[in-house]
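Below: one structure, written as structure tokens.
The values are calculated or read from the model by the stated rules, or taken from the named source; none is laboratory data. In this text the structure is predicted, and so the values were computed from the model without any measurement. Neighbour counts run over all protein chains shown; Cβ positions are idealised from the backbone, glycine included. When the accessible area is computed, the model is the full protein with side chains, heavy atoms only, and any ligands, DNA or RNA have been set aside. Shrake-Rupley method; radii C 1.70, N 1.55, O 1.52, S 1.80 Å.
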Amino acid sequence: MDDKPGPGPLSETSEFLFSFGVIADIQYADLEDGYNFQGNRRRYYRHSLLHLQGAIEHWNTEGSPPRCVLQLGDIIDGYNAQYKASEKSLELVMNTFQMLKVPVHHTWGNHEFYNFSRNYLTNSKLNTKFLEDQIVHHPETVPSENYYAYHFVPFPQFRFILLDAYDLSVLGVDQSSAKYQQCLKILKGHNPNSELNSPQGLSEPQFVQFNGGFSQEQLNWLNEVLTFSDTNQEKVVIVSHLPIYPEASDSVCLAWNYRDALAVIWSHRCVVCFFAGHTHDGGYSEDPFGVHHVNLEGVIETAPDSQAFGTVYVYPDKMMLKGRGRVPDRIMNYKRENTFRC
Ligand SMILES: [Zn+2]
């Protein structure tokens, strides 16, 4: 296997700065293999842990180790809740992550909420907000406690933002809370089906129970961070469990209000790429504003003889995703100043 930083001669034109790892939808459970809801994709519940171990061994032995790894959510499968194995499975996966020699940032997906309440997650090892970097004298860039999001700087002039795509959701929230009622109203307002996980007949098929959205409060915070990054000429990487760009995703898997998130991102020049999980099949598209949307292939639907993770090598003019197994390579050039639209 090729372990050189960057896939090919293009990387020789500029200086390598740093790298980071990406992995999505591990969905571990101590179960026999099964199938997805549609019955057309095999799920390797036990082997997903071995896939994770393989990725960690790879990152640990790279000549120039990644600065961090981004775990894009759905770390254990919802089946664990049914078998009362949520805590045990989480512990097993987290013990595996302990072998990683660099920090890991955990995103929360729907399967986190099938297993745990938001309150539980906040107090668990899946809360990596302690890894956040704060911008002094800019209180507007400090996230509120109402959602799980933060930003950090793994390398000077490169800011990473972790978003909470289940900020608006009926999952993991106390059903007696006002927020639950508000989210249920949004969901039912767009989805008249009695089974709220069904997108059948919907003009906006992303309005299903297994998705969620971004509150205006979180989007305002994102806008403030991106404003700071623009001013300081930083490059920004955003991660979220749910994708936000239709061309890169199955329409049923998008965040409820993906358009609102895109509108914020498109009003800034600093965002280079947006990484998401959730779809399992993977996807990629560069949007009209030059933002690269990468939906990572999910570990859970990856055969034992393959792999599903990637390492992104960062250069002054581009990021290069070197995919492993069924994750394809991608070259993500930064947008040119003169193509930026206000
Ligand atoms: Zn998911």
**Item:** Two-site label geometry, T231 and T122: point separation in nm, points 7 Å out along Cα→Cβ
**Value:** 2.9
**Request:** Whenever you get a sec, line up S194, S64 from highest to lowest accessible area (probe 1.4 Å, protein heavy atoms).
**Result:** S194, S64
**Request:** Pull up all non-local amide H partners of V69: gap of 5 or more, or a different chain, and H-to-H distance under 5 Å with H placed in the peptide plane.
**Result:** G21, V104, H105
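With every protein chain kept in the model, how would you rank I244, I186 by accessible area, 1.4 Å probe, largest at the top?
Most to least solvent-accessible, the answer reads I186, I244.
Starting from the alpha-carbon convex hull of segment 251-323, give the projected area averaged over all orientations, in nm². Intermediate values should be presented prior to the final figure.
Values: hull surface 22.8 nm².
It is 5.7 nm².
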**Message:** Tell me the accessible surface of L100 in square angstrom (1.4 angstrom probe, heavy atoms of protein chains only), to the nearest ten.
**Reply:** 20
**Item:** Cα centroid separation, segment 265-342 to segment 151-206 (Å)
**Value:** 22
**Item:** For segment 166-205: Kirkwood Rh in Å [reciprocal of mean 1/r, alpha carbons]
**Value:** 10.7
**Message:** What translational diffusion coefficient, to the nearest whole µm²/s, does segment 109-224 have by Stokes-Einstein, given a Kirkwood radius computed over alpha-carbon pairs, a temperature of 37 °C and 0.692 mPa s viscosity?
**Reply:** 210
**Request:** Filter the trypsin sites (Lys or Arg not before Pro) in segment 12-64 down to the DSSP loop ones having no more than 14 other Cβ atoms within 10 Å, then list what survives.
**Result:** R41, R46
**Fill in**
segment 164-307: spread of alpha-carbon positions along the three principal axes, whole Å, largest first, is 47, 44, 27
**Message:** What is the percent carbon and sulfur in the accessible area of segment 81-210, measuring with a 1.4 Å probe over the protein chains and ignoring ligands?
**Reply:** 52
**Request:** Return the percentage of antiparallel bridges among DSSP beta bridges fully within segment 1-132, rounded to the nearest 5 %.
**Result:** 20
**Prompt:** Could you name the lysines in cross-link range of K335, using Cα to Cα under 22 Å and dropping any fewer than eight places away on the same chain?
**Reply:** K235, K318, K322
**Item:** Principal axis dimensions, segment 193-251 - Cα atoms, whole angstrom, descending
**Value:** 48, 25, 18
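For the chain, take the alpha-carbon Rg, divide it by the Kirkwood Rh, and send me Rg/Rh. Display every interim value, and only then the final one.
On the way: Rg = 19.0 Å, Rh = 20.2 Å.
Ratio of gyration radius to Kirkwood radius for the chain: 0.94.
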**Prompt:** In 10 Å bins starting at 0, how do the alpha-carbon pair distances of segment 281-342 split up by percent?
**Reply:** 21, 44, 24, 9, 2
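Can you order the peptides 283-293, 265-275 by their average number of other Cβ atoms within 10 Å per residue, highest first?
Averaged packing, sorted descending, gives the order 265-275, 283-293.
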**Item:** Per residue solvent-accessible surface (Å²) - the chain, probe of 1.4 Å
**Value:** 43
**Asked** How are the C-alpha pair distances of segment 1-133 spread across 5 Å bins, as whole percents from the shortest bin up?
**Response** 2, 9, 18, 21, 17, 13, 9, 6, 3, 1, 0
**Prompt:** What is the projected area of the convex hull of the Cα atoms of segment 60-176, averaged over all directions, in nm²?
**Reply:** 8.8
**Request:** Taking every Cα atom in segment 75-130, find the radius of gyration and the maximum pairwise distance Dmax, and write them in Å.
**Result:** 11.1, 33
**Asked** If you rank K84, K322 by how much accessible surface each has, with a 1.4 Å probe, what is the order from largest down?
**Response** K84, K322
**Asked** In whole Hz, what ³J(HN,Hα) sequence does segment 168-175 give by Karplus (6.51, -1.76, 1.60; θ = phi - 60°), x for Gly and Pro?
**Response** 9, 6, 9, 8, x, 9, 4, 5
**Asked** Among the DSSP beta bridges whose two residues both lie in the chain, what percent are antiparallel, rounded to the nearest 5?
**Response** 55
